[in-house]
Amino acid sequence: RHWLCSHYPVRSGDRIFGVGVVVVEVTDQKRHTELLKEADRRKDEFLAVLAHELRNPLAPIRTGLELLKRAPRDPAVNANSREMMERALLQTVRLVDDLLDISRISTGKLQLRTERIELSGIVQTAVEISRPFIDEKRHNLIVALPAEPLPLDGDAARLAQVIANLLNNAAKYSPEGGQIGLSAARHGGEIQITVQDSGV
(Lines give C-alpha, C1' and ligand atoms only; values in the text may rest on other atoms or scores of the structure.)
Protein backbone atom coordinates (compact mmCIF):
# COMPACT_ATOMS: atom_id res chain seq x y z
CA ARG A 1 0.00 0.00 0.00
CA HIS A 2 1.13 3.55 -0.69
CA TRP A 3 0.74 6.65 1.43
CA LEU A 4 1.45 10.33 0.82
CA CYS A 5 2.72 12.14 3.90
CA SER A 6 2.82 15.94 4.14
CA HIS A 7 4.54 17.79 6.99
CA TYR A 8 3.95 21.39 7.91
CA PRO A 9 4.93 23.66 10.81
CA VAL A 10 2.30 24.52 13.43
CA ARG A 11 2.67 28.21 14.30
CA SER A 12 1.38 30.53 16.96
CA GLY A 13 2.22 34.02 15.85
CA ASP A 14 5.91 34.00 14.96
CA ARG A 15 6.65 30.94 17.06
CA ILE A 16 6.69 27.34 15.72
CA PHE A 17 5.61 24.99 18.46
CA GLY A 18 5.08 21.75 16.57
CA VAL A 19 4.82 19.84 13.32
CA GLY A 20 1.56 18.80 11.73
CA VAL A 21 1.32 15.67 9.58
CA VAL A 22 -1.32 14.79 6.98
CA VAL A 23 -1.32 11.19 5.73
CA VAL A 24 -3.42 10.19 2.72
CA GLU A 25 -3.57 6.71 1.22
CA VAL A 26 -2.77 6.84 -2.52
CA THR A 27 -2.67 3.11 -3.29
CA ASP A 28 -5.42 3.32 -5.93
CA GLN A 29 -3.93 6.41 -7.58
CA LYS A 30 -0.50 4.76 -7.68
CA ARG A 31 -1.97 1.60 -9.25
CA HIS A 32 -3.88 3.60 -11.86
CA THR A 33 -0.76 5.61 -12.70
CA GLU A 34 1.25 2.41 -13.21
CA LEU A 35 -1.50 0.96 -15.42
CA LEU A 36 -1.49 4.11 -17.57
CA LYS A 37 2.30 3.97 -17.89
CA GLU A 38 2.14 0.30 -18.91
CA ALA A 39 -0.60 0.98 -21.48
CA ASP A 40 1.48 3.85 -22.90
CA ARG A 41 4.57 1.62 -23.09
CA ARG A 42 2.60 -1.12 -24.87
CA LYS A 43 1.18 1.41 -27.32
CA ASP A 44 4.67 2.71 -28.14
CA GLU A 45 5.99 -0.84 -28.69
CA PHE A 46 2.96 -1.78 -30.79
CA LEU A 47 3.31 1.29 -33.03
CA ALA A 48 7.07 0.79 -33.38
CA VAL A 49 6.56 -2.81 -34.54
CA LEU A 50 3.84 -1.85 -37.02
CA ALA A 51 5.82 1.10 -38.37
CA HIS A 52 8.72 -1.24 -39.03
CA GLU A 53 6.48 -3.88 -40.60
CA LEU A 54 4.65 -1.40 -42.85
CA ARG A 55 7.87 -0.70 -44.75
CA ASN A 56 8.38 -4.33 -45.74
CA PRO A 57 5.38 -4.90 -48.09
CA LEU A 58 6.13 -1.65 -49.90
CA ALA A 59 9.34 -3.15 -51.33
CA PRO A 60 7.63 -5.74 -53.61
CA ILE A 61 5.13 -3.10 -54.76
CA ARG A 62 8.06 -0.88 -55.79
CA THR A 63 9.77 -3.86 -57.46
CA GLY A 64 6.58 -4.74 -59.35
CA LEU A 65 6.24 -1.19 -60.64
CA GLU A 66 9.86 -1.23 -61.82
CA LEU A 67 9.28 -4.50 -63.68
CA LEU A 68 6.18 -3.08 -65.33
CA LYS A 69 8.17 -0.04 -66.48
CA ARG A 70 10.91 -2.20 -68.00
CA ALA A 71 8.60 -4.62 -69.82
CA PRO A 72 5.22 -2.92 -70.20
CA ARG A 73 4.08 -5.23 -73.02
CA ASP A 74 5.28 -8.57 -71.63
CA PRO A 75 2.14 -10.50 -70.50
CA ALA A 76 4.09 -12.84 -68.20
CA VAL A 77 5.89 -9.96 -66.45
CA ASN A 78 2.63 -8.04 -66.16
CA ALA A 79 0.79 -11.02 -64.62
CA ASN A 80 3.60 -11.88 -62.19
CA SER A 81 4.09 -8.25 -61.14
CA ARG A 82 0.38 -7.74 -60.61
CA GLU A 83 0.07 -10.88 -58.46
CA MET A 84 3.12 -9.90 -56.40
CA MET A 85 1.79 -6.38 -55.82
CA GLU A 86 -1.66 -7.72 -54.90
CA ARG A 87 -0.12 -9.98 -52.24
CA ALA A 88 1.94 -7.08 -50.89
CA LEU A 89 -1.13 -4.85 -50.89
CA LEU A 90 -3.12 -7.41 -48.87
CA GLN A 91 -0.25 -7.57 -46.37
CA THR A 92 -0.24 -3.77 -46.12
CA VAL A 93 -4.02 -3.59 -45.65
CA ARG A 94 -3.77 -6.13 -42.83
CA LEU A 95 -1.13 -4.03 -41.07
CA VAL A 96 -3.15 -0.84 -41.50
CA ASP A 97 -6.19 -2.63 -40.04
CA ASP A 98 -4.07 -3.48 -37.00
CA LEU A 99 -2.93 0.11 -36.78
CA LEU A 100 -6.51 1.39 -36.78
CA ASP A 101 -7.67 -1.05 -34.11
CA ILE A 102 -7.37 1.20 -31.06
CA SER A 103 -8.30 -1.55 -28.57
CA ARG A 104 -5.34 -3.64 -29.71
CA ILE A 105 -3.03 -0.63 -29.53
CA SER A 106 -3.97 0.02 -25.89
CA THR A 107 -3.40 -3.61 -24.89
CA GLY A 108 -0.34 -4.07 -27.11
CA LYS A 109 -1.78 -7.27 -28.58
CA LEU A 110 -1.93 -8.45 -32.17
CA GLN A 111 -4.87 -10.63 -33.14
CA LEU A 112 -4.08 -13.87 -34.93
CA ARG A 113 -6.41 -14.87 -37.77
CA THR A 114 -5.74 -18.56 -38.15
CA GLU A 115 -6.92 -20.50 -41.17
CA ARG A 116 -5.86 -23.50 -43.23
CA ILE A 117 -2.97 -22.32 -45.39
CA GLU A 118 -0.17 -23.80 -47.47
CA LEU A 119 3.44 -23.02 -46.59
CA SER A 120 4.70 -22.44 -50.13
CA GLY A 121 2.40 -19.41 -50.52
CA ILE A 122 3.65 -17.96 -47.24
CA VAL A 123 7.26 -18.46 -48.27
CA GLN A 124 6.59 -16.84 -51.65
CA THR A 125 5.11 -13.75 -49.97
CA ALA A 126 8.03 -13.54 -47.51
CA VAL A 127 10.62 -13.85 -50.29
CA GLU A 128 8.85 -11.15 -52.32
CA ILE A 129 8.93 -8.83 -49.31
CA SER A 130 12.63 -9.47 -48.68
CA ARG A 131 13.84 -9.73 -52.29
CA PRO A 132 14.76 -6.03 -52.69
CA PHE A 133 16.92 -6.12 -49.53
CA ILE A 134 18.56 -9.38 -50.64
CA ASP A 135 19.22 -8.14 -54.18
CA GLU A 136 20.56 -4.81 -52.93
CA LYS A 137 23.47 -6.62 -51.27
CA ARG A 138 23.80 -9.13 -54.14
CA HIS A 139 23.14 -12.15 -51.92
CA ASN A 140 22.37 -15.59 -53.33
CA LEU A 141 19.08 -16.90 -51.91
CA ILE A 142 18.37 -20.63 -52.09
CA VAL A 143 14.85 -21.77 -51.18
CA ALA A 144 14.40 -25.50 -50.55
CA LEU A 145 10.87 -26.71 -49.88
CA PRO A 146 9.60 -30.31 -50.00
CA ALA A 147 7.85 -31.39 -53.20
CA GLU A 148 4.65 -32.30 -51.35
CA PRO A 149 2.34 -29.55 -50.04
CA LEU A 150 2.81 -28.49 -46.41
CA PRO A 151 -0.63 -27.42 -45.13
CA LEU A 152 -0.88 -25.87 -41.69
CA ASP A 153 -3.21 -23.88 -39.45
CA GLY A 154 -1.80 -20.40 -39.01
CA ASP A 155 -2.04 -16.69 -39.65
CA ALA A 156 -0.72 -16.14 -43.18
CA ALA A 157 0.18 -12.47 -42.70
CA ARG A 158 2.01 -13.02 -39.40
CA LEU A 159 3.93 -16.06 -40.66
CA ALA A 160 5.00 -14.14 -43.76
CA GLN A 161 6.15 -11.30 -41.48
CA VAL A 162 8.20 -13.66 -39.33
CA ILE A 163 9.95 -15.31 -42.28
CA ALA A 164 10.50 -11.96 -44.03
CA ASN A 165 12.07 -10.53 -40.87
CA LEU A 166 14.45 -13.49 -40.65
CA LEU A 167 15.41 -13.05 -44.31
CA ASN A 168 15.86 -9.29 -43.87
CA ASN A 169 18.14 -9.85 -40.89
CA ALA A 170 20.10 -12.45 -42.85
CA ALA A 171 20.54 -9.93 -45.68
CA LYS A 172 21.47 -7.13 -43.30
CA TYR A 173 24.09 -9.03 -41.30
CA SER A 174 25.74 -10.99 -44.11
CA PRO A 175 28.67 -9.49 -46.04
CA GLU A 176 27.84 -8.43 -49.58
CA GLY A 177 27.49 -11.37 -51.97
CA GLY A 178 26.64 -13.76 -49.15
CA GLN A 179 24.61 -16.95 -49.10
CA ILE A 180 21.13 -17.17 -47.59
CA GLY A 181 19.20 -20.42 -47.32
CA LEU A 182 15.52 -20.87 -46.55
CA SER A 183 14.25 -24.40 -46.04
CA ALA A 184 11.28 -26.20 -44.51
CA ALA A 185 10.69 -29.78 -43.42
CA ARG A 186 7.92 -31.74 -41.75
CA HIS A 187 8.71 -33.24 -38.34
CA GLY A 188 5.77 -35.32 -37.19
CA GLY A 189 2.84 -32.94 -36.76
CA GLU A 190 5.00 -29.83 -37.01
CA ILE A 191 6.76 -27.90 -39.75
CA GLN A 192 10.25 -26.55 -39.11
CA ILE A 193 11.36 -23.48 -41.09
CA THR A 194 15.07 -22.69 -41.14
CA VAL A 195 16.88 -19.57 -42.33
CA GLN A 196 20.67 -19.78 -42.57
CA ASP A 197 23.15 -17.16 -43.75
CA SER A 198 26.86 -16.56 -44.12
CA GLY A 199 26.88 -13.57 -41.77
CA VAL A 200 28.25 -13.22 -38.26
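The values are calculated or read from the model by the stated rules, or taken from the named source; none is laboratory data. Since this is a predicted model, take the numbers as computed values, not measurements. Backbone-built Cβ (ideal geometry, glycine too); neighbour counts: all protein chains shown. The protein model used for the area step is the full one, side chains on, heavy atoms only, and it has no ligands, DNA or RNA in it. Shrake-Rupley method; radii C 1.70, N 1.55, O 1.52, S 1.80 Å.
Annotations for the structure displayed:
- Selection within segment 123-143 - without any contact (Cβ under 8 Å) to a residue 40 or more places away in the chain and either open to solvent by less than 70 Å² (accessible area, probe 1.4 Å) or closer than 21 Å to ALA88 by Cα (or both): GLN124, THR125, ASP135, GLU136
- Which listed residue is open to solvent by 20 Å² or more (accessible area, probe 1.4 Å), closer than 24 Å to ARG82 by Cβ and hydroxyl-bearing (Ser, Thr, Tyr), from SER183, SER120: SER120
- Only one of ARG31, ARG42 that is assigned to a helix (DSSP H, G or I), basic (Lys, Arg) and in contact (Cβ under 8 Å) with a residue 40 or more places away in the chain: ARG42
- For SER174, the conditions (1) under 18 Å from GLU53 (Cβ atoms); (2) polar (S, T, N, Q); (3) open to solvent by less than 90 Å² (accessible area, probe 1.4 Å) all hold with the exception of (1).
- Looking across segment 12-29 at every residue that is open to solvent by 90 Å² or more (accessible area, probe 1.4 Å) and either under 30 Å from LEU167 (Cβ atoms) or modelled with pLDDT of 85 or more (or both), the one that is nearest to the chain's Cα centre (by Cα) is identified as GLN29.
- Residue list for segment 148-183, restricted to those being touching a residue at least 60 places away in the same chain (Cβ under 8 Å) and either farther than 20 Å from LEU89 by Cβ or over 12 Å from the mean Cα position of the chain (by Cα) (or both): ASN168
- Within segment 59-99, the set of residues being in contact with a Pro (Cβ under 8 Å, 6 or more places away or on another chain), closer than 26 Å to ALA48 by Cα and surrounded by 14 or more Cβ atoms within 10 Å (Cβ to Cβ) comprises ALA59, PRO60, THR63, MET84, MET85, ARG87, ALA88, LEU89, GLN91, THR92, LEU95.
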